[in-house]
Every structure is written in structure tokens, then in C-alpha cells.
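Below: the structure, in C-alpha cells.
The values are calculated or read from the model by the stated rules, or taken from the named source; none is laboratory data. Quick caveat, the model's predicted, so the values are computed rather than measured. Don't worry about glycine lacking a Cβ; one is built from the backbone with ideal geometry, like all the others, and counts go over all protein chains shown.
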Amino acid sequence: MTRSYAIRTYGCQMNAHDSERLAGMLEAAGYQAAEDGGQADVVVFNTCAVRENADNRLYGNLGHLRPVKDAHPGMQIAVGGCLAQKDRAEIVRRAPWVDVVFGTHNLGSLPALLERARHNAEAQVEIKESLEVFPSNLPARRESAYAAWVSISVGCNNSCTFCIVPSLRGREVDRRPGEVLAEVSALAAEGVLEVTLLGQNVNSYGVEFGDRAAFSKLLRACGEIDGLERVRFTSPHPRDFTSDVITAMAETPVVCPQLHMPLQSGSDAMLKAMRRSYRSGRYLAILDEVRAAIPHAAISTDIIVGFPGETEEDFQATLDVVRAARFASAFTFQYSPRPGTPAAEMGDQVPKDVVSERYQRLVALQEEISWELNRELVGRPVEVLVAQGEGRKDGATRRMSGRARDGRLVHFAPGSAQVRPGDVVRTEITYAAPHHLVADGEPLDHRRTRAGDLHEQGSRPSTPATVTGLGLPAIGRPLTPARGGA
Ligand code: SF4
């Protein structure tokens with residue numbers, strides 16, 4: 001009988017994409033996705049060590065699953081991802097009913113480890129210190145018919161003091177451009193309209209194979225791919241951001257007018273303590289250059305409030321940069337120590353109530369700016385790639401939702417048109433809120449797409465395994481085209 005699987009994913013886009021690879025591998029090994037609400041024979045936790053209390057949450061979830069497993073003979077539980085890489089055998093010690101623990105470097109071992117655990121009736125813990133196979137060479141079962149992630153690199157050569165990524169994901173490994181482009185082309189051939197290029201630091205892409213302009217060349221090459229309409233990327237790093245990337249963004253129409261570039265702090269003293277090797281002046285200069293080349297670019301960021309040693313003056317410097325940068329949106333985080341990072345050991349931790357008060361002020365300022373910028377768009381037309389699951393209230397409001405080219409979330413009235421996720425709609429903005437736009441008029445235009453057809457049929461691209469190992473050029477295209485940052 002075919003065994004079923006379910007994957008529970010925590011954390012960043014990188015992890016979400018790894019889960020697509022895990023699903024692809026399990027399906028290639030003969031498993032099938034469990035039905036919604038049904039009990040899976042194999043439950044995989046793809047964990048994240050970046051979030052606060054990630055370990056408590058994992059052990060809580062594993063605890064809930066124990067009686068379920070007792071009631072389902074043959075059921076298996078696997079734990080992978082960053083937390084598994086960090087805690088290793090500790091997981092089986094604390095939760096002995098777990099069958100398999102695998103790390104960030106050996107996703108590809110999951111089916112074999114499940115098999116071995118079943119055969120030996122014994123938990124299998126396998127953690128590798130370096131990457132065995134670039135995860136993109138593993139088969140994938142994609143979540144979406146219209147948008148896909150494509151990894152260009154994994155790991156990071158920086159050493160930001162708040163970040164656990166380098167110790168868990170290792171040094172940067174770059175995928176060869178030919179392999180990346182083959183995957184993007186295969187996805188576009190399957191109807192995918194939007195691709196997000198993923199790396200912990202996309203701007204250092206190419207450092208491993210000696211081409212500092214590799215990322216801008218990659219963006220331009222994406223512009224040549226038939227059928228592809230939107231290219232995004234995450235995350236850039238101000239230290240490595242170069243003008244050729246800005247020019248490529250401006251001159252390649254498929255590259256979306258959007259930039260999500262982590263600031264982390266506006267205080268130079270804090271940037272130094274975070275071991276972020278740019279300063280606020282350099283950061284703002286990059287934004288000026290981006291806006292000169294792409295005037296309508298929506299720029300967003302990540303900011304940490306209350307890093308150890310942050311004074312009121314440092315915090316004011318962050319507010320000053322936020323005012324000057326005029327971000328369309330910002331992910332704001334209250335600093336809390338992550339075990340295993342240098343910052344967790346620093347003295348001068350800022351009291352929680354101070355962090356939370358500063359955080360409220362930052363959020364209020366950013367909301368004001370986001371709202372002001374969004375209001376400027378009222379009355380303007382936007383192109384929306386219709387998505388599923390972006391609008392929580394869509395059922396009640398009879399709207400649909402999707403992203404504008406600049407990444408803004410738009411809730412729109414579909415009017416009389418039979419609009420499907422994956423289709424493209426042009427509509428006029430009628431109302432702005434700080435975190436979204438509303439378009440309540442009849443759409444100006446509705447384009448039915450192949451992605452919309454495939455979505456309607458429940459069909460998703462699946463990228464098969466490629467036959468290359470690490471560091472080797474791709475051997476042709478994938479066999480059949482068929483799916484915490486800087
Ligand atoms: S924050 Fe980003 S750039 Fe810094 S170490 Fe982590 S992944 Fe690398």
C-alpha cells in the first residue's frame with residue numbers, strides 16, 4: 001500500500017523551498033501526499049532555528065504527535081532543517097519516538113533514512129557537516145502553478161553576530177548559472193510566470209566561481225526566457241550590492257521594481273556590533289542609486305530593535321534612516337538572544353520593556369510612511385498576479401488577492417470575470433491601507449493564463465532530479481520540464 005506523507009514547514013522561504021524538495025523526493029520514492037485532514041504515515045518537520053522558542057515549539061508538536069503515533073502502528077516521524085542540524089541526537093534523546101533526524105546538508109537522505117529506520121526498527125540520526133548534493137538537484141513537488149522559488153546559492157560567508165545561518169548552513173555554495181537558468185526555463189515552459197531567486201546573500205553570487213558580475217548577468221539572462229513575466233530575488237546584502245545589479249534590474253523588464261534589502265540598524269555602532277560591514281550612509285546611497293534608475297521601486301527591509309548595547313541614540317539613528325529611506329514596508333523584529341550566536345553571549349542586553357517600547361515607536365513610524373506611500377497609488381492602475389491564500393478575508397469581501405509588480409499586496413473585486421489564481425488582472429486602486437491596497441472597481445483587463453489553467457486543474461510543476469553533483473556543470477536541462485536572509 002502506498003504510504004502517505006505530510007510536511008510541516010517552519011521559517012523562511014529557503015525552508016519552504018527545501019520542503020518542496022522533500023516532497024519531490026518522497027514522491028519519487030513512491031509516497032503520496034496525505035489528504036487534507038487525513039493522518040499521514042510519515043510526518044516530516046522541516047524546522048527553523050532562527051525563530052524565537054523554535055525548540056519549545058518543536059518539542060511541543062512532537063509531544064502532541066506521540067499518542068497519534070501510538071495509535072497508528074507503522075507511522076514514522078522525521079525531523080529535519082536547521083534545528084535538527086543544531087540539536088542532532090538531542091532530538092531523539094528528548095523525543096525517543098522520533099524515527100529520523102536529518103540536517104540541512106543531506107535532505108536527499110530522507111527516503112533512505114526512513115527505510116533504514118523501518119528496517120532496523122531504530123531511530124536514524126544523520127547530520128552532515130557539508131553539503132552532499134545541492135538541494136536543487138533533488139526532485140521537487142512545487143506548491144504553486146504560477147510562482148516558484150529557484151535557489152542560486154546556499155550558505156553564507158558572512159558572520160553577522162545575531163545570525164545562526166552560517167553555523168547551520170555552512171559557507172556559501174553557488175550553483176552554476178547554466179543550472180539555475182535551466183531550472184527557470186523549465187518552470188517557465190510549465191507555465192510558471194514568476195520566479196524568486198533565492199540565496200542568503202544574492203549579491204555575493206559568483207564569488208565561488210570567480211565572477212563578481214554573475215548575479216547581474218543572471219538577471220539579464222532571465223529576461224531572455226520565454227514566458228517568464230516576473231523575476232524577484234531575496235536577499236541582497238548592502239555590503240556586496242554593486243551598480244551592475246541596479247543597471248540590470250532597470251534594463252531587464254521582467255525584473256520587478258522591488259528591492260527587499262535588510263538594514264538591521266540605522267546606527268553605525270550597532271552595525272559594527274552586528275558585524276555588518278556597511279554603514280548607514282552606504283545603505284542610503286544604494287537606495288538613491290536604485291531610485292534614480294527605477295523611480296517606482298518599492299523598497300522594503302528588515303530591522304532588529306534592541307540589539308545588545310543599543311542606546312536611545314542608536315535607536316534614534318534607526319528612526320532617522322527609516323525616515324530618509326521611506327520604505328514601502330519593513331519586517332521589524334524585537335531582538336532576543338538565539339542560542340549559538342555571538343550576540344547571545346554579549347553583555348548589555350537591552351531590557352525587554354525597553355525593546356518593546358522602541359519597537360512600538362518604530363512600527364508606528366513605518367506604518368505612517370507605508371500608508372502615505374500607498375495612498376499615492378490610489379487612482380493608479382496596477383497589474384496583479386492573482387494568488388491563492390493571500391487574502392484572509394476574501395471570502396467575506398468577495399475579493400481576490402495577489403501581488404502587484406512591485407510586490408504590494410492588492411485585494412481586488414474580480415467583477416464579472418472568471419478570474420483564477422495564476423491569471424493576470426489589471427485594475428485601478430480605490431483605497432489604500434498601510435499593509436495593502438484595495439481595488440473595488442471592475443478590472444480594466446483580465447488575462448487568462450496557462451498557469452491559471454493548470455492551477456484550476458490542480459496541476460503543479462514538478463522538477464525531477466538532475467544528475468549533477470556539487471560544483472559540476474549541469475548535464476543538459478532537467479530531464480522533463482514539468483517547483484532568515486541577509
Ligand atoms: S544575516 Fe544574512 S548575511 Fe548575515 S550571516 Fe546571516 S545569512 Fe549571512
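Looking only at the range 169-188, count how many residues are away from the ligand (no atom under 16 Å from the Cβ) and part of a helix (DSSP H, G or I).
Residues flagged as away from the ligand (no atom under 16 Å from the Cβ) and part of a helix (DSSP H, G or I) within the range 169-188 amount to 12.
Given the conditions (1) of a type outside the set (Lys, Arg); (2) over 26 Å from Gln349 (Cβ atoms); (3) away from the ligand (no atom under 16 Å from the Cβ), which single one is not true for Phe241?
For Phe241, the exception is condition (3).
Residues in the range 48-78 that are of a type in the set (A, V, I, L, M, F, W, C), under 20 Å from the mean Cα position of the chain (by Cα) and not in a helix (DSSP H, G or I): how many?
Matching residues across the range 48-78 total 3.
Tell me which residues, restricted to the range 390-419, are surrounded by fewer than 22 Cβ atoms within 10 Å (Cβ to Cβ) and of a type in the set (Lys, Arg).
Result: Arg392, Lys393, Arg398, Arg399, Arg405.
Find the residue count for the range 335-355, including only residues that are assigned to a helix (DSSP H, G or I), surrounded by 14 or more Cβ atoms within 10 Å (Cβ to Cβ) and either β-branched (Val, Ile, Thr) or in contact with a strand residue (DSSP E or B) (Cβ under 9 Å, 6 or more places away or on another chain) (or both).
Result for the range 335-355: 2.
Is it the case that the range 11-19 has a residue that's crowded, with 17+ Cβ neighbours inside 10 Å and under 25 Å from Asn120 (Cα atoms)?
So far as the range 11-19 goes, no, none of its residues is crowded, with 17+ Cβ neighbours inside 10 Å and under 25 Å from Asn120 (Cα atoms).
What number of residues within the range 306-334 satisfy the criterion of being over 21 Å from Arg282 (Cβ atoms) and buried (at least 21 other Cβ atoms within 10 Å of the Cβ)?
Residues that pass the stated criteria total 2.
Looking at (1) closer than 22 Å to Asp302 by Cα; (2) assigned to a helix (DSSP H, G or I); (3) not charged (D, E, K, R), can you tell me which one Val410 breaks?
Condition not satisfied by Val410: (2).
Being among the polar types (S, T, N, Q) and within 10 Å of the ligand (Cβ to nearest atom) is the filter; apply it to the range 149-168 and report the residue that is modelled with the highest pLDDT.
Ranking the candidates gives Thr161 first.
Of the residues Phe315, Phe327, which single one is under 12 Å from Asp302 (Cα atoms) and assigned by TED's automatic domain parsing to the domain that holds Ala273?
Phe327
I need a count of the residues in the range 189-200 that are within 16 Å of the ligand (Cβ to nearest atom) and closer than 20 Å to Arg403 by Cβ.
2
Scan the range 217-243 and report the pairs whose first residue is under 17 Å from Ser300 (Cα atoms) and whose second residue is of a type in the set (Ser, Thr, Tyr), with Cβ atoms within less than 6 Å and a gap of 6+ or a chain change.
Partner pairs satisfying both residue conditions: Arg232/Thr196; Pro238/Tyr278; Pro238/Tyr283; Arg239/Ser277; Arg239/Tyr278.
For residues that are surrounded by fewer than 19 Cβ atoms within 10 Å (Cβ to Cβ) and part of a strand (DSSP E or B), tally how many sit in the range 360-389.
1
In the range 361-370, is there at least one residue being in the same structural domain as Val305 (by TED's automatic domain parsing) and over 21 Å from Leu259 (Cα atoms)?
yes
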